[in-house]
Amino acid sequence: MRALALLFALCLCSLPGVADAQPVSRPVEPSAAVSPGPQRADNIEAELVPLSQWAAPGSTVVVAVRQTIAPGWHTYWRNPGDSGGPTTIDWRLPAGVKAGEIVWPLPSRQRLMSLVNYGYSGEVYLPVPIEVPASARPGTVLPLTADVLFLVCSDQMCVPVQMSLRLDLPIREGAPPLDRDHGAALEAVLAAAPRPAGIAARATLEGGVLTLSATGGPLAAALAEGEPTQAVFYPFDGGVIDHAAAQSGQTGPEGLSLSLVPGGELKSTGLDGPISGVLATDVGAWEITANAGPILTGTTGGRTLAGEVEPSTPNRTGLVLILQSAVFALLGGLILNLMPCVFPILAMKAAALAASAHQPREARRDGLLFLAGVLVSFLVLAVLLLILRAGGEAIGWGFQLQSPPVIAGLALLMLAVGLNLSGVFHMGAGLQGAGAGPLSRLPGGTGAFFTGVLAVVVAAPCTAPFMAAALGAALVMPWPAALLVFLMLGLGLGLPYLAVSLSPGLLRRLPRPGRWMERLKGLLAFPMYGAALWLVWVFSRQTGAEALALFLAAALMLAFGLWLTGVNQMRRNEGGTAVVSAVAATVALVVALAFAGLAAGRPAEPETAPEAGPLAAAPWSTETVRAAQAQGRPVLVNFTADWCVTCKINERAALSSPRVAEALQAANAVYLVGDWTRRDDAVTRELERHGRSGVPLYLLYPAGGGEPRILPQLLTEGVVAEALQTARTPDPAS
């Protein structure tokens, strides 16, 4: 039967035109005109697509050959298996531009009678890194041309398809955003593509059985959680294994092993060198190189592994991803009500509910208008964020608190709200009912709407559980889907308040208005003062001593101006006039704004060493991470910001723990801090690389190298200490 199958495959290759599939590239005249956009054949459509919207001078961009393969047809991986041929790319590039190797996604095993091939079907991206020279001029276009040869096969025949593809990539300064059409899908392909991960491997040929054993790297963490359950090996070269033979495997306490049938070439020459390929499991796929030697200890004696692993197909922002992100956003918005940075706003919401508790019509109005304020604010912030990102700005969620002028304005606003609650002056007193008293309740619908606005502005720095994943996905979605996610987040934030305001039963349980409301209102002023003090501290961290002195002068003049405003209101209520106090109040407020502007405009002082708890910390950079991993040391990275309350709570509760300090020392780990208090494009890009759009983010790189483990957003000392212990697991092969 196997001979018949081989004869069948040879017959396919003898069909007219199939023999032309052997060359990896074909010479193309330099003057040949190639039009940008997709090229089509009977069984395949292909085009060049970028990861980002433009390229910056001196950067490396990723461009992919996107294939849309007709149903029933397939193309091939770098090792096609028992038959077929890989896709080849011959680049024609401007001077100074260099193309790297194809980043091959994990293939599927394709069976034809007794043969097994490795290839792709449906939609496929083959990414290639492109080095752009520093001499590239912004405002120009970089023409990229690729002559691509596909061998497109079905169960009955193979057809070689030659296409010349072109992409005109704009050159611009600044960090580029993802391409709107293909960026998210291509990013998912790159994230899932097999890469080296510090896994030690050995190849042992005994008794006609090739045993591949592997340990260390990400396998250690997976085995600790009872995974993986499937594993298969894809060799880079043909003749190493019998591709069609079953692969059996087992786990051990420290790794796994696979029993393979050696290929014809290996049988004839023996195991005289290393074997390279991809070890694919149901928890990840990694490139490995197995040197000849005895089976690694700790890789046998455990569970039996299944031998079929199919690649995960990236969902190109489909309906499932949109719905999933919307649900996560709703849950994140609900949990956001419990996050520390929203506590001051809860005080305002409680006061508003108490004021209208026994007036159901006004309560319903306030609830709906509060929700409207939340939704409108989220919509405005989302649109601004997406516009800035489309324009090339590297920003993330909470970006408004990276600006000292915004921080200064919010601090003064919090101070003004606190003084209003303390009775220094009154907002909306003329609109309140006669005889009810100016302090009997807060302003009506307008106040409810702007309370919702303020809730969003202050709550935005928090990243609640579920919220991070939703926002990370939203920022690479098409605009309509992204706006839906942001609106669902706002709905989650405003829903509890709306539910109470629309429930007569809950409202009737609240006490009736009275003098207690005046005392409650005064008490609720103190969370506002606390929020103002916190923002002043953040402002001082972003600027410096001179700017802080100017800002404190602005706060003093604001308080004086609002006190004069209150005096003027009292005199008017008594039927008198207060021209002098009104003029003085206006002057004081203008001076306050002038001082605030001067303070916010002061240049920032040079940054000092990061302060993120008592742990000895160094500033984060990708170079520092790589250097530490090269020394065999684990790396704990804390992406934080001074305006992120959740970050500070984690640092005080977990990262300041003596147990964590001991675990860090025992693991010989490096502790790095990525400070996002001020705008930092490098930190923003690293957050995006891990699917986040805001802080906190905690990464733990293992000692053996490889990709980091993402720790929970709400830390405990036990979580950090146990993770550090796992990360320091030694490499048995060393």
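Computed from the coordinates by the stated procedures, all read-outs in this text should not be read as laboratory data. Predicted model only: the values in this text are computed from it and were never measured. Neighbour counts are summed over all protein chains in view; Cβ atoms, including those assigned to glycine, are modelled from backbone coordinates with ideal geometry.
Using +1 on the beta carbon of Lys and Arg, -1 on that of Asp and Glu, and nothing else charged, what's the dipole of the stretch 119-220 about the Cα centre, debye to 20?
On the way: 6 positive and 10 negative charges, 50 e Å.
Here the stretch 119-220 has a charge dipole of around 240 debye.
Taking a ≥ b ≥ c as the square roots of the eigenvalues of the Cα gyration tensor of the stretch 255-297, is the shape rounded (a/c under 1.5), prolate (a/b larger than b/c) or oblate?
prolate
Tell me the label-point distance for the pair Ala545, Asp272, using the 7 Å Cα-to-Cβ offset, in nm and rounded to one decimal.
Placing both labels 7 Å beyond Cα along the Cβ direction yields 7.4 nm.
Compute the separation of the alpha-carbon centres of the stretch 668-718 and the stretch 43-73 and state it in Å as a whole number.
The stretch 668-718 and the stretch 43-73 have Cα centres spaced 29 Å from each other.
Report the calculated FRET efficiency for Arg40 and Val141 (r = Cβ-Cβ distance, R0 = 22 Å), to the nearest 0.05.
The formula returns an efficiency of 0.35 here.
Name the residues whose placed amide hydrogens come within less than 5 Å of the amide hydrogen of Ala641, ignoring near sequence neighbours (fewer than 5 apart) on the same chain.
HN-HN under 5 Å from Ala641: Trp676.
Rounded if a/c is under 1.5, else prolate if a/b beats b/c, else oblate: with a ≥ b ≥ c from the C-alpha gyration tensor eigenvalues square-rooted, which is the stretch 164-300?
prolate
Taking 30 Å as R0, compute the FRET efficiency from the Cβ-Cβ separation of Ala594 and Glu173 and round it to 0.05. Let's see the in-between values first.
Numbers: r = 34 Å, r/R0 = 1.14.
Calculated transfer efficiency: 0.30.
In nm, give the distance between the simple-model label positions of Val209 and Thr446, each being 7 Å from the Cα along the Cα-to-Cβ direction.
For Val209 paired with Thr446, the spin-label model returns 8.3 nm.
With label points built 7 Å along Cα→Cβ from the Cα atoms of Val261 and Ala653, find their separation and express it in nm.
Label at Val261, label at Ala653, 5.7 nm between them.
Using +1 on the beta carbon of Lys and Arg, -1 on that of Asp and Glu, and nothing else charged, what's the dipole of the stretch 155-196 about the Cα centre, debye to 20?
In total the dipole reaches around 100 debye.
Given the Cα-Cα distance of Glu225 and Ala192 and 0.36 nm per residue of separation, how much length would full extension add, in nm?
This chain segment gains 9.9 nm when fully extended.
Using a Förster radius of 25 Å, what is the FRET efficiency between Val719 and Ala630 based on their Cβ-Cβ separation? Nearest 0.05, please.
0.40
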